[in-house]
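The values are calculated or read from the model by the stated rules, or taken from the named source; none is laboratory data. Quick caveat: nothing in here was measured; it's all calculated off a predicted structure. Every residue, glycine among them, receives a Cβ derived from its backbone with ideal geometry; neighbour counts consider all protein chains shown. Note: areas computed on protein heavy atoms with side chains; ligands, DNA, RNA excluded. Shrake-Rupley method; radii C 1.70, N 1.55, O 1.52, S 1.80 Å.
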Amino acid sequence: MRDVNQSAVTEFILLGFAPNARISPLLFTFFLVFYLLILVSNSLLVTLIHQDSCLHTPMYFFISVLSMLDVCYTTTTVPQMLVHLLSKKRAISFARCAAQMYIFLLFGVTESWLFSIMSVDRYMAICQPLRYKVIMSHWVCLALVGICVAYGVVGGLCYTFFAMRLPYCGPNEIDHYFCEVPAVLKLACADTSLNDLVDFITGFNVIVVPLSLVIIVYANIFAAIMKIRSAQGRIKAFSTCASHITVVTMFAIPCIIMYMSPGSDSLSNSGKKMALFYNIATAFLNPVIYSLRNKDVKKAFLKLMGWGRAPE
């Protein structure tokens, strides 16, 4: 009987949001607008960086990669959520659930490590300005992005393999809008203590380690900035770091809470909200933060639109 029950679960039901039929269309419109803004803003930022030669620098190269990751990151989950908001059938097969989990984690882990690489880039630009272009060459930048992707491939595989190898014998309702590891593990018909350990170790390596690297790098950057005699020079240096620090904070804190708190039932109600924050809100805010605070991006946008130069 146990084997029959285990093999009976071939699909999961994603409960998602708003069982109330009157609220679902409102949420659909809200999330659809956000998703379209994410696609447009990130695609526009990538286009500006590609088209304008003034933005062909390592910093903007990494920002363009971040924007592409954000588009992929949200596309893994949001279109499915939109369909489920208007559909009575919210099922996802076991194989599709595993694929979604892996792809989501691949892009998420890659983005986590990309943030640490971007902090190193800022360190080289501020603390080693004369050697910056030599050290951060195009091929070095490509290699660093390749390392981030490799971490994403391995980290996503670790999470997904240990989660989907467990027996799932019912119930099959996931209290989430996509197949996220903590939500899926709650349905396992087996002891998940090994998964908790693996998830904690993996989370430490793909979230805490890159975040710690960011903190160490910025501690050195701030120490170097304080040695600048000109107040205007210090303000300009701080300004180039503020956007990145803001984005990293918005992404890292919810991820640490979700993936470094194994077996926590207290997160069941807030898990979807935190996932919305680091899955949708950060993808929307990233291009806004990097464009509104950046004169070079504004100039590139006005140039692309044919509106002349941006005011100084």
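So here's what we get for this one:
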{"quantity": "Wholly enclosed helices (runs of 4 or more DSSP H) of the stretch 5-96 bearing at least 2 residues hydroxyl-bearing (Ser, Thr, Tyr)", "calculated": "24-51, 58-75"}
{"quantity": "Set LEU194, LEU157, LEU213: member being over 18 Å from VAL109 (Cβ atoms), open to solvent by 50 Å² or more (accessible area, probe 1.4 Å) and part of a helix (DSSP H, G or I)", "calculated": "LEU194"}
{"quantity": "ILE221, sole failed condition from (1) open to solvent by 70 Å² or more (accessible area, probe 1.4 Å); (2) in contact with a Lys or Arg (Cβ under 7 Å, 6 or more places away or on another chain)", "calculated": "(1)"}
{"quantity": "Filter result (open to solvent by 60 Å² or more (accessible area, probe 1.4 Å) and modelled with pLDDT of 75 or more) within the stretch 247-272", "calculated": "THR249, ILE253, ILE257"}
{"quantity": "Residue in the stretch 194-211 that is within 20 Å of MET101 (Cα to Cα), in contact (Cβ under 8 Å) with a residue 60 or more places away in the chain and polar (S, T, N, Q) present", "calculated": "yes"}
{"quantity": "Cβ pairs under 6 Å, 6+ apart, first in the stretch 221-248 and part of a helix (DSSP H, G or I), second open to solvent by 50 Å² or more (accessible area, probe 1.4 Å) and of a type in the set (A, V, I, L, M)", "calculated": "ARG234/ILE228"}
{"quantity": "Residue in the stretch 165-176 that is open to solvent by 60 Å² or more (accessible area, probe 1.4 Å) and closer than 17 Å to ALA99 by Cβ present", "calculated": "yes"}
